[in-house]
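To start, the structure itself, in structure tokens.
What follows draws every value from the coordinates through simple rules; no lab data is involved. As the structure is a prediction and not an experimental result, all values here were calculated from the model. FYI the Cβ positions are ideal-geometry reconstructions off the backbone, even for glycines, and counts take in every protein chain you see.
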Amino acid sequence: QQQVKQSPQSLIVQKGGISIINCAYENTAFDYFPWYQQFPGKGPALLIAIRPDVSEKKEGRFTISFNKSAKQFSLHIMDSQPGDSATYFCAGGDSNYQLIWGAGTKLIIKP
Amino acid sequence: DAGVTQSPTHLIKTRGQQVTLRCSPKSGHDTVSWYQQALGQGPQFIFQYYEEEERQRGNFPDRFSGHQFPNYSSELNVNALLLGDSALYLCASSLDLAASYNEQFFGPGTRLTVL
């Protein structure tokens, strides 16, 4: 019930392409879905987040698509750049104040 | 404005020892959460402190304990260290607002190695 399943585990995308990372959750009590970006040796940094009352949120090149009925959400990175190479984590949050994280996706953008 | 700070950056301990990690939250934040991140995995929630009390706890044994001080800074203590406790320990701060989930800001972490 608490799991957040993330795929793929790793992803290689050409510069300028679209990177897509998917997550599925089980806990219907989740009401907050953030995506974090983590560079080696650093803590995670919030990239973009969505609440279940909207189906899509866009911030610059980053878009979250949310499908409440399927209990799935995804991150799209448009015009991917080498500087986007990092590990990306999705998570689900509920009123119990904790975030349940996916296992992460290592994204490599090839120049 | 300083973000979340953690100390020390790296730490090496031996099995059975005890360790204390420290965290100062982002200015204006009153809530501190601790996470354990094993290599190649996502962070696992340990516990959260608010108003100097443990408000919520993840699936971690009692060897893991914490404290929050009146200035909102926090400590994570781990007793009787095991090899499996080797990980990056992350502190995250947020501002508590009723009926709303709030963004957590993460520190750079403390890398703990247990030999």
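Give the peptides B:70-81, B:37-48, B:10-21 in descending order of average Cβ contacts within 10 Å, highest first.
So the order, starting with the most tightly packed, is B:37-48, B:70-81, B:10-21.
Arranged by the count of other C-beta atoms within 10 angstrom, fewest first, what order do B:4, A:54 take?
A:54, B:4
Would you mind giving the three semi-axes, in whole Å and largest first, of the ellipsoid equivalent to segment A:4-110 according to its Cα gyration tensor?
After diagonalising the Cα gyration tensor, the semi-axes are 22, 15, 12 Å.
Multiplying the sequence separation of residue A:7 and residue A:51 by 0.36 nm and subtracting their Cα-Cα distance, what value in nm do you get?
Fully extending the segment from residue A:7 to residue A:51 adds 13.8 nm.
Amide H of residue A:26: which non-local residues (sequence gap of 5 or more, or other chain) have their own amide H closer than 5 Å, using H built in the peptide plane?
Answer set, sorted by chain and number: A:3.
Beyond 16 Å, what share of the Cα-Cα pairs of segment A:38-83 is found? Please give it as a whole percent.
Within segment A:38-83, distances greater than 16 Å cover 48 percent of Cα pairs.
What does the structure give for A:30-43 when I average, per residue, the other chain Cβ atoms found within 10 Å of the residue Cβ?
Average neighbour count from other chains, rounded to a whole number: 3.
Looking at segment B:18-115, which trypsin sites (Lys or Arg not before Pro) are DSSP coil and have at most 14 other C-beta atoms within 10 Å of their C-beta?
B:63
FRET efficiency for residue B:80 and residue A:22, Cβ-Cβ distance as r, R0 = 45 Å, nearest 0.05?
0.70
Using Cα pairs under 8 angstrom and six or more residues apart, how large is the relative contact order of chain B, in percent?
Relative contact order, chain B: 36 percent.
Taking the convex hull of the Cα atoms, report for the protein assembly as shown its projected area averaged over all directions, in nm².
It is 12.5 nm².
What's the average, rounded to a whole number, of partner chain beta-carbon atoms within 10 Å of each residue's beta-carbon in B:56-68?
1
Below 8 Å between Cα atoms, with a sequence gap of 6+, how large is the relative contact order for chain A in percent?
For chain A, the relative contact order is 37 percent.
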